[in-house]
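The values are calculated or read from the model by the stated rules, or taken from the named source; none is laboratory data. These numbers come from a predicted model, not from an experiment. Here the Cβ is made from the backbone with ideal geometry for all residues, glycine too, and neighbour counts use every protein chain on show.
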Amino acid sequence: MTGLLDALIQGVLLGGLYALFAAGLSLIFGVMRLVNLAHGDLIVLAAFVILVVAEKLGLDPFAAALVALPVLFAAGFALQYVLLNRTLGRDLLPPLLVTFGLSIIIQNGLLQLFSADSQRLRSGAIETASIALGGGIAIGVVPLLTLLGAVLVIVILNLIFYRTPLGRAFRATSDDLDVAQLMGIDIRRVFATAMGVAFTVIAIAALYLGLRANFDPTSGPARLLYAFEAVIIGGLGSFWGTLAGGIVLGLAQTIGARIDPEWQILSGHLAFLAVLVLRPRGLFPRAQD
Amino acid sequence: MTDAAPPQAFRIETAGRASRIAAVCACVILLVLVALPAVAGRNLIQDLIFLFYMLALAQCWNLLAGHAGLISVGQQAFVGFGGYLLFALTLRAGIDPLLAIPIAGLASAIVAVPTALIVFRLRGAYFAIGTWVVAEVFRLSFAQVKGLGGGTGTSLPPQATSGVFGIEGVKTLFEVRTPAARDIITYWAALVLLAATLAVIYALLRSRRGLALGAIRDHEAAAAGLGVDIYRVKLAVYVASAAMTGMIGALIYLQKARISPDAAFSVLDWTAYVIFIVVIGGIGTMEGPVVGVLVFHLLQRYLADFGAWYLILLGTLGIVVMLFAPRGIWGLIAERYDVTLFPIRRRLVIEGGGDEASRTKAVRD
C-alpha cells in the first residue's frame, strides 16, 4: 500500500517536469500552429547553456538560469524571426522538416562541443534534500519545486494569454491569422515574441531537467516525445490540460517502472496510445483542432 | 462571314518523348545491373546494395509524404520490424532468408493496419510525432524479446545464410567463395526489391488511386466532395508503404547480419537520412529520390569521417533546400528543361483547329 502511494506521489511529481516540457510546445502550437520537432533538443541545449553559465560565473544553477533567461528569450525571438517565420504557410512540410534539420544540427553541435558524456546541474544540498511525509514516504525537494514551477509557469502563461495586450495578440493570431493582420497586428513580431516566451519556458524546463536527472546531447528526442504525449493526453488548447496530461504520463511511467524497471518508458507510450484510442481529443479538450 | 470558333480538341497526355527514352534506358540499365556481378568487385556490389535499399526506402517515404501528405518520422518502425522478423524466421524457424523477406513484408502490412487506425487519429504535424512514438514502442518492445537478444541484439551466424536459395549456382557460375556469393544473392534481392518498389509506386500513381492522391494533395475537401474516400486511400498507401519498408528492412538486416533494437529502429539511419535524400532530390517526384541518393552517397563517401560536422552539414543543407528550393534538385532541373522521366503527372494538351499549328498547353500541378 505504501509502495503504491509512493508511486502515485512520485508519478505526480514527475508529471510536473513533463508539464514543463509540454508547456512550451503547447504555447508554440497554440499561437502559430507550429509543431517544433527540435523542442526536446532545445530543452537540452538550454540545459547546456545553464551549465556553462553556472560553471563560468561560478553560480548556483538557479541563479545561472536567471542569467540565461534573457539570452534564451532573445535566441528564441531571433530563431523565429529569421528562420521559422519563413516556413509558415499552408504547407505542413517546411516547418516540420526545418525543425527536424534543426534537431540534428543541435544534437551534433552539442556532441561536438561537449562530447557524449552525461552532465548534471549541481546545486549542493538541495539536490538530495527531501521532506519526510511519515509512513516511509519522502518527497524530494527538487521534484516538489519542479511541480510548483510547472504550476507557476502555467499560472503566468494564463495571465499573459488572458490579461495582457500581448496575450490578446496571441489569441487573435491563433483564431484567425488574416483578420489579426487586418487589425494591424505584425504577426512576424508576435510569432517571434511567442517563441521568445516559449524559450523562457524551455529554460525553466531545462533547469529542472538538469537538477533531476543526467542529460547528454542525445537526450532531446525523448523529451520531445514526452512533451508531445503530455499535450495530446491533456487535450489541445489548455495549459491546465497539459499539466494533467503530464501527470497522467508521469503516473503511467512511475507505475510501469514499479512493475519492471525496463517498462518505465514503454508504459508511458502505451498510456498515450490508449488515450489516443479511447479519447482521441485528449482527456480535457478545449480547442477544435 | 463569321465562322464558329474551331472545335477544340484536347487529350490527356502523360508520357513525353524524354520519358519514352527514359523507359527504354531503364530497361537497359536494369539488364546491365542484373549482369553486373559477373564483372564487378565485392566493394562495388556492397555499395550498390546500400544505394538500392536507401533509394527504395526513399521512394516509400516519398510516396507517403510527397503524394499522400502523410509525413512520417516513424518509418524505422517497419525497417526494424522487418529486420527482426527476418532474424526470427531464419534463426528460430529455419526458413530460407529469401522466403523470409516477403513474409516480413506481409507481416508488416498486417501490423500497419492497427497502427494506422491509431496514428490516423492525429492530424498533420502531430501525425509525424505519433508515428515516432509508435516506432519507439516497437523498439522498446523488441528490446524485451530475450529470444532475439533483448536490448543488446543478436547476430545471424554465417551458416544460417550460407545455405540460402541459389547460392551453389552463384558459386559455380561466378567462381566465388561463399561470402561473395552471399553478397551477390543479396544484391539481386535488393535489385528486385528496388525494381518492384518503383514499379508498384509508378503503377499506383498512374492508376485511379494515384489520381485520387493528387486530388487529396491539392485540395482535401474538394477531393472528398468529388467522392474520393480519403481515409481509405490514405490507409491503402500507408499499408502498402509499410509492406515495402518491411521487406527492405528484412533485406537490410540480411546484409548486415547483426541486429539490435537501437540500430534497427534508428530514427537517424532509416528516417532522417531518407528524408534528406527525398528533400535534396525533390519531393513529390519519382526522379528526385534517385538524384538525392546519389548526392547522399557522394557526401557520405567523402565527408562521413567528419562525424558530427557531417551531420550538421546534412541538416543545414536540408534546411537551405527546404527554404530556397522546396522542389529539390530535380525540381530545378525539371523546371528549367521541362523534362520528366517517370511521367506521373497528367498534362492537358489542347489542339487548336484551322491552319494554325496545334497549340499545346501543359497543365501543371
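Do the conditions hold for B:Val321, that is, is it modelled with pLDDT under 80 and not basic (Lys, Arg)?
Numbers: modelled with pLDDT under 80: no; not basic (Lys, Arg): yes.
No, not satisfied.
Contact annotation: residue pairs with Cβ atoms under 7 Å, 6 or more positions apart or on different chains, pairing a residue in region A:35-57 that is in contact (Cβ under 8 Å) with a residue 24 or more places away in the chain with a partner that is of a type in the set (Ser, Thr, Tyr) and part of a helix (DSSP H, G or I), are A:Val35/B:Tyr126; A:Asn36/A:Thr99; A:Leu37/A:Thr99; A:Leu37/A:Ser103; A:Ala38/A:Thr99; A:Ala38/A:Ser103; A:Asp41/A:Ser103.
Counting only residues that are crowded, with 23+ Cβ neighbours inside 10 Å and not hydroxyl-bearing (Ser, Thr, Tyr), region B:262-285 holds 13 of them.
Going by what's in this entry, would B:Phe138 be described as of a type outside the set (Asp, Glu) and buried (at least 19 other Cβ atoms within 10 Å of the Cβ)? The answer is yes for B:Phe138. Return a yes/no flag: does region A:13-25 have any residue that is out of contact with any helix residue (DSSP H, G or I) (no Cβ under 7 Å at 6 or more places or on another chain) and closer than 16 Å to A:Phe191 by Cβ. There is no residue in region A:13-25 that is out of contact with any helix residue (DSSP H, G or I) (no Cβ under 7 Å at 6 or more places or on another chain) and closer than 16 Å to A:Phe191 by Cβ. Among the residues that make up region A:107-126, is at least one of them at the interface with another protein chain (Cβ under 8 Å from one of its Cβ atoms), in a loop (DSSP other than H, G, I, E, B) and buried (at least 18 other Cβ atoms within 10 Å of the Cβ)? No, because not a single residue in region A:107-126 is at the interface with another protein chain (Cβ under 8 Å from one of its Cβ atoms), in a loop (DSSP other than H, G, I, E, B) and buried (at least 18 other Cβ atoms within 10 Å of the Cβ).
Within region B:63-112, the set of residues being in a helix (DSSP H, G or I), among the polar types (S, T, N, Q) and modelled with pLDDT of 95 or more comprises B:Gln76, B:Ser108. Being of a type outside the set (Lys, Arg) and surrounded by fewer than 15 Cβ atoms within 10 Å (Cβ to Cβ) holds for only one residue in A:Gly30, A:Gly15, A:Gly89, and it is A:Gly89.
When region A:194-214 is filtered for residues that are at pLDDT below 95 and surrounded by fewer than 24 Cβ atoms within 10 Å (Cβ to Cβ), the ones remaining, listed by number, are A:Arg212, A:Ala213, A:Asn214.
Given the structure, is A:Arg163 among the basic types (Lys, Arg) and surrounded by 14 or more Cβ atoms within 10 Å (Cβ to Cβ)? In short, no. Could you check region B:89-106 and list, in sequence order, the residues that are small (Gly, Ala, Ser) and surrounded by fewer than 22 Cβ atoms within 10 Å (Cβ to Cβ)? Selection gives B:Ala93, B:Gly94.
Checked across region A:39-61, the condition of being farther than 26 Å from A:Leu177 by Cα, surrounded by fewer than 24 Cβ atoms within 10 Å (Cβ to Cβ) and in contact with a Ser or Thr (Cβ under 7 Å, 6 or more places away or on another chain) holds for at least one residue.
Look at (1) surrounded by fewer than 18 Cβ atoms within 10 Å (Cβ to Cβ); (2) touching a residue at least 12 places away in the same chain (Cβ under 8 Å) and you find that A:Ser130 fails only one, number (2).
Just to check your reading of the model, which residue among A:Gly241, A:Gly268, A:Gly246 is part of a helix (DSSP H, G or I), under 30 Å from A:Leu111 (Cβ atoms) and more than 10 Å from chain B (Cβ to nearest Cβ)? Walk me through how you get there before you give the answer.
Details: A:Gly241 fails: under 30 Å from A:Leu111 (Cβ atoms); A:Gly268 fails: more than 10 Å from chain B (Cβ to nearest Cβ).
The match here is A:Gly246.
None of B:Thr161, B:Thr154 is closer than 23 Å to B:Leu251 by Cβ, touching a strand residue (DSSP E or B) at 6+ places or on another chain (Cβ under 9 Å) and more than 11 Å from every other protein chain (Cβ to nearest Cβ) except B:Thr154. Of all residues in region A:254-265, those satisfying the criterion of being more than 12 Å from chain B (Cβ to nearest Cβ) and crowded, with 19+ Cβ neighbours inside 10 Å are A:Thr254, A:Ile255, A:Ala257.
Report yes if some residue within region A:135-148 is under 20 Å from A:Leu27 (Cα atoms) and among the hydrophobic types (A, V, I, L, M, F, W, C); otherwise report no. Walk me through it before giving the result.
The first filter runs over region A:135-148 and keeps only residues under 20 Å from A:Leu27 (Cα atoms), leaving A:146-148.
Narrowing further to those that are among the hydrophobic types (A, V, I, L, M, F, W, C): A:147-148.
Yes; the residues of region A:135-148 include at least one that is under 20 Å from A:Leu27 (Cα atoms) and among the hydrophobic types (A, V, I, L, M, F, W, C).
If you take the residues of region B:292-325 that are without any contact (Cβ under 8 Å) to a residue 40 or more places away in the chain and either β-branched (Val, Ile, Thr) or not in a helix (DSSP H, G or I) (or both), which of them is farthest from the other protein chains (Cβ to nearest Cβ)? Filtering region B:292-325 for residues that are without any contact (Cβ under 8 Å) to a residue 40 or more places away in the chain and either β-branched (Val, Ile, Thr) or not in a helix (DSSP H, G or I) (or both), the one farthest from the other protein chains (Cβ to nearest Cβ) comes out as B:Val295. For B:Val278, indicate whether it is within 12 Å of chain A (Cβ to nearest Cβ) and of a type in the set (Val, Ile, Thr). It is true that B:Val278 is within 12 Å of chain A (Cβ to nearest Cβ) and of a type in the set (Val, Ile, Thr).
Take B:Ala215 and tell me if it is part of a helix (DSSP H, G or I), of a type in the set (Gly, Ala, Ser) and in contact (Cβ under 8 Å) with a residue 60 or more places away in the chain.
On the way: part of a helix (DSSP H, G or I): yes; of a type in the set (Gly, Ala, Ser): yes; in contact (Cβ under 8 Å) with a residue 60 or more places away in the chain: no.
Answer is no for this residue.
If you take the residues of region B:119-147 that are part of a loop (DSSP other than H, G, I, E, B) and of a type outside the set (S, T, N, Q), which of them is nearest to the other protein chains (Cβ to nearest Cβ)? Result: B:Arg121. When only residues in region A:65-83 that are aliphatic (A, V, I, L, M) and buried (at least 24 other Cβ atoms within 10 Å of the Cβ) count, which is farthest from B:Ala308 (Cα to Cα)? Only one residue tops the list, namely A:Ala65.
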